[in-house]
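Novice: Structure provided below as structure tokens; questions to follow.
The values are calculated or read from the model by the stated rules, or taken from the named source; none is laboratory data. Just so we're clear, the structure is a prediction, and the values are computed from it rather than from any experiment. For neighbour counting, all protein chains shown are included, and Cβ atoms are generated from backbone atoms with ideal geometry for every residue, glycine included.
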Amino acid sequence: MDWSRAKWFDFTGTIKEGQFSRFGNEVIEILRQSPPPKLAIVLDTAFGWQHKTPAMVRDHINLSGYNPLIGPNHPIGERFPVIQGIYNADDAERLALETVVVAGLKHGRRLSSDDAEFMHVLGADCYCFNVVPTMLVAAHAGCKVLAIVGPDNHTWQAEIAAKINELSSCAR
Amino acid sequence: MKVEETKVKARTPEQALAIIRSVVDVVPDAGIVLGSGITALQDLVEPHSFSFHQVFGVEPTVAGHAGTITIGKLPENEAVTLVVFRGRYHVYEGHDWDVVTLPTRTLIEWGVKELILTNASGGINPLFKVGDLMVMTGFRDLISEKWRGGIIEALQTFPKECRNELSEKIFVNGARLAQIDKEFWPLKNGIYAGFTGPSYETLAEVEMVRRMGCDNVAMSTVPELLTAAGSPMKAAAVSVITNVWNEDTVITGHEEVLEASKGASKRLDKLLRYMLSGRR
């Protein structure tokens with residue numbers, strides 16, 4: 001993993017570095033800055049599951065009906081970016097985290113328990129609002145993504161951030 | 001913004017037709033839409049060509065989609081007049097639904113009876129191979145504007161059927177052609193999943209639509225089929241399988257894929273000429 005040009009995107013409002021209330025133009029601009037980041041470290045809140053602990057994202061299903069790359073193509077990337085192999089979940093074991101498939105939903109949308117059950121049938125473990133659009137813009141800009149999702153509280157972020165910082169300093 | 005400008009300049013089907021009719025006053029027997037990388041029907045007799053921009057007032061933005069309209073007679077049977085669209089407008093380009101469906105609405109207004117749509121697609125049925133042609137029997141609409149708030153509801157409905165006299169005719173002609181021509185592979189059939197794109201799918205997304213019984217996936221054709229449904233124009237669609245999603249498959253070189261697509265274009269060209277020339 002290339003830690004040298006890593007950027008933090010914390011959508012949970014907890015850690016000091018790289019706080020964003022939600023995905024938007026501000027996030028897009030950072031991912032498309034020159035030179036672009038090589039790794040986006042994303043923290044987001046997940047819903048529709050019973051987990052009390054965080055997990056690492058290994059893949060996603062975009063159920064939001066939205067793709068931030070719709071529109072004229074930005075020259076930083078291909079018109080039709082390949083988005084397989086963008087999530088880096090190799091370090092899940094070293095961070096003692098399970099891996100999950102997340103569904104991306106439109107910001108603020110909450111699923112009924114029936115719809116959450118349906119989402120599980122489709123192959124997703126939980127849903128969140130920011131990981132998927134951030135990943136799509138990152139992938140388009142040639143940037144890998146290390147994404148961690150956790151319950152809707154502030155209990156897990158600091159520990160995860162410390163572990164990731166430790167990993168990154170070891171790697172350097 | 002470029003897209004804002006194009007939204008303003010889009011014409012109506014009536015205006016688009018007036019531009020075409022000022023040059024050539026015929027009602028084609030059939031319309032053909034050729035998707036990205038698909039070449040066919042390149043030698044129409046007494047051809048009249050227009051750019052998309054000229055007729056519809058909107059520039060397509062995708063490289064590889066030429067965006068031309070050619071009206072001419074089929075060399076194999078000059079009693080048959082065709083209109084061939086090379087390229088199309090896509091939702092992922094940022095075009096409004098009105099623009100994406102404008103060519104189809106123009107064909108309906110024109111009184112064209114049959115529309116054959118083609119597209120390049122990723123195969124998710126493991127029995128498919130690169131270069132196969134798949135007649136669409138149904139599709140999943142994950143593209144329409146009504147799903148802008150999320151596609152869960154779209155996935156909770158049944159796929160839409162698009163089997164009709166025209167798709168049957170394609171199938172029957174394909175079966176005949178496969179008997180008399182060894183180079184013509186038998187046609188496949190299946191259900192198409194239409195995503196907006198422009199990014200390709202993740203493995204989890206491919207697995208999801210595979211579980212839902214879909215056979216291939218691409219980013220077009222659904223708007224045209226939805227627009228034609230309920231109009232007097234019959235529409236059918238043929239997908240070229242340009243790659244097959246499979247975790248076990250070793251990705252072959254891009255050149256092999258291109259070669260296979262070329263072969264598929266040739267077979268599609270044969271099929272269209274065979275079917276349209278005999279009006280079988």
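Novice: All but one of (1) without any contact (Cβ under 8 Å) to a residue 24 or more places away in the chain; (2) under 29 Å from B:Y92 (Cβ atoms); (3) assigned to a loop (DSSP other than H, G, I, E, B) hold for A:L69; which doesn't?
Specialist: Of everything listed in (1) without any contact (Cβ under 8 Å) to a residue 24 or more places away in the chain; (2) under 29 Å from B:Y92 (Cβ atoms); (3) assigned to a loop (DSSP other than H, G, I, E, B), A:L69 misses just condition (1).
Novice: Looking only at the range B:85-120, how many residues end up being in contact with a strand residue (DSSP E or B) (Cβ under 8 Å, 6 or more places away or on another chain) and not aromatic (F, W, Y)?
Specialist: 15
Novice: Scan the range B:158-171 and tell me whether some residue there is in contact (Cβ under 8 Å) with a residue 12 or more places away in the chain, within 9 Å of chain A (Cβ to nearest Cβ) and among the aliphatic types (A, V, I, L, M).
Specialist: no
Novice: Within the range B:1-36, restricting attention to residues that are within 14 Å of chain A (Cβ to nearest Cβ) and surrounded by 18 or more Cβ atoms within 10 Å (Cβ to Cβ), which residue is modelled with the lowest pLDDT?
Specialist: Going through the qualifying residues, I end up with B:T6.
Novice: To continue, here is another question. Of everything in the range A:22-48 that's in a strand (DSSP E or B) and of a type in the set (A, V, I, L, M, F, W, C), which residue is surrounded by the fewest Cβ atoms within 10 Å (Cβ to Cβ)?
Specialist: A:F47
Novice: Can you report the number of residues in the range A:81-99 which are farther than 27 Å from A:G71 by Cα and either over 13 Å from the mean Cα position of the chain (by Cα) or of a type in the set (S, T, Y) (or both)?
Specialist: 10
Listed here are the residues, each with its yes/no results for (1) within 17 Å of the chain's Cα centre (by Cα); (2) among the aromatic types (F, W, Y).
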residue: B:A40; (1), (2): yes, no
residue: B:F52; (1), (2): yes, yes
residue: B:V58; (1), (2): no, no
residue: B:D98; (1), (2): no, no
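Novice: Still on this structure, I have one more. Name every residue in the range B:144-170 that is more than 17 Å from B:V206 (Cβ to Cβ), among the β-branched types (V, I, T) and crowded, with 19+ Cβ neighbours inside 10 Å, in order of residue number.
Specialist: Matches in the range B:144-170: B:I152, B:I170.
Novice: Here is a follow-up. Yes or no: the range B:121-129 includes at least one residue that is away from chain A (no Cβ under 14 Å) and touching a Pro at 6+ places or on another chain (Cβ under 9 Å).
Specialist: For the range B:121-129, residues away from chain A (no Cβ under 14 Å) and touching a Pro at 6+ places or on another chain (Cβ under 9 Å): absent.
Novice: Hey, can you tell me all the residues within the range A:74-86 that are more than 7 Å from every other protein chain (Cβ to nearest Cβ) and under 12 Å from B:G197 (Cβ atoms)?
Specialist: The answer is A:E78, and nothing else.
Novice: Residues of the range B:196-223 being free of Cβ contacts under 8 Å to residues at least 60 places away in the same chain and in a loop (DSSP other than H, G, I, E, B), which ones?
Specialist: Within the range B:196-223, B:S199, B:T202, B:G213 meet the criteria.
Per-residue answers, yes or no, for (1) crowded, with 17+ Cβ neighbours inside 10 Å; (2) out of contact with any His (no Cβ under 7 Å at 6 or more places or on another chain):
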{"residue": "A:V57", "(1), (2)": "yes, yes"}
{"residue": "A:S64", "(1), (2)": "yes, yes"}
{"residue": "A:G77", "(1), (2)": "yes, no"}
{"residue": "A:Y87", "(1), (2)": "yes, yes"}
{"residue": "A:E98", "(1), (2)": "no, yes"}
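Novice: Any residue that is touching a Ser or Thr at 6+ places or on another chain (Cβ under 6 Å) and closer than 21 Å to A:L31 by Cβ - is there at least one of those in the range A:146-153?
Specialist: No; the residues of the range A:146-153 include none that is touching a Ser or Thr at 6+ places or on another chain (Cβ under 6 Å) and closer than 21 Å to A:L31 by Cβ.
Novice: Now, a different point. Given (1) modelled with pLDDT of 90 or more; (2) over 22 Å from B:C162 (Cα atoms), where does B:S261 come up short, assuming only one miss?
Specialist: The single condition B:S261 does not satisfy is (1).
Novice: If you don't mind, there's one more thing I want to ask. Has the range B:174-195 got at least one residue that is in contact with a strand residue (DSSP E or B) (Cβ under 7 Å, 6 or more places away or on another chain), in a helix (DSSP H, G or I) and surrounded by fewer than 21 Cβ atoms within 10 Å (Cβ to Cβ)?
Specialist: no
Novice: Output yes when any residue across the range B:85-97 is modelled with pLDDT of 95 or more, under 22 Å from B:G194 (Cβ atoms), in contact with a Phe, Trp or Tyr (Cβ under 6 Å, 6 or more places away or on another chain) and more than 14 Å from every other protein chain (Cβ to nearest Cβ), and no when none is.
Specialist: Within the range B:85-97, none of the residues are modelled with pLDDT of 95 or more, under 22 Å from B:G194 (Cβ atoms), in contact with a Phe, Trp or Tyr (Cβ under 6 Å, 6 or more places away or on another chain) and more than 14 Å from every other protein chain (Cβ to nearest Cβ).
Novice: Follow-up question, since we're still on this one. Among the numbered criteria (1) in contact (Cβ under 8 Å) with a residue 12 or more places away in the chain; (2) of a type outside the set (S, T, Y); (3) within 14 Å of chain B (Cβ to nearest Cβ), which single criterion is violated by A:F118?
Specialist: (1)
Novice: Another question about this same structure. Being in contact with a Phe, Trp or Tyr (Cβ under 8 Å, 6 or more places away or on another chain), within 13 Å of B:L187 (Cβ to Cβ) and not acidic (D, E) is the filter here; which residues of the range B:125-141 pass it?
Specialist: Across the range B:125-141, the qualifying residues are B:G131, B:L133, B:M134, B:V135, B:M136.
Novice: Can you pull out the residues in the range A:1-21 that are more than 30 Å from A:E117 (Cα to Cα) and assigned to a strand (DSSP E or B)?
Specialist: A:A6, A:K7, A:W8, A:Q19
Novice: OK, next. Within the range B:133-154, which residues are over 14 Å from the mean Cα position of the chain (by Cα) and either aliphatic (A, V, I, L, M) or within 17 Å of B:K169 (Cβ to Cβ) (or both)?
Specialist: Across the range B:133-154, the qualifying residues are B:L142, B:I143, B:I151, B:I152, B:A154.
Novice: Then there's this: Of the residues A:A158, A:A89, which single one is in contact with a strand residue (DSSP E or B) (Cβ under 6 Å, 6 or more places away or on another chain), at pLDDT below 95 and not in a strand (DSSP E or B)?
Specialist: A:A89
Novice: Give the residues of the range A:54-66 that are part of a loop (DSSP other than H, G, I, E, B) and either within 10 Å of chain B (Cβ to nearest Cβ) or within 11 Å of B:S199 (Cβ to Cβ) (or both), sorted by residue number.
Specialist: Across the range A:54-66, the qualifying residues are A:L63, A:S64, A:G65, A:Y66.
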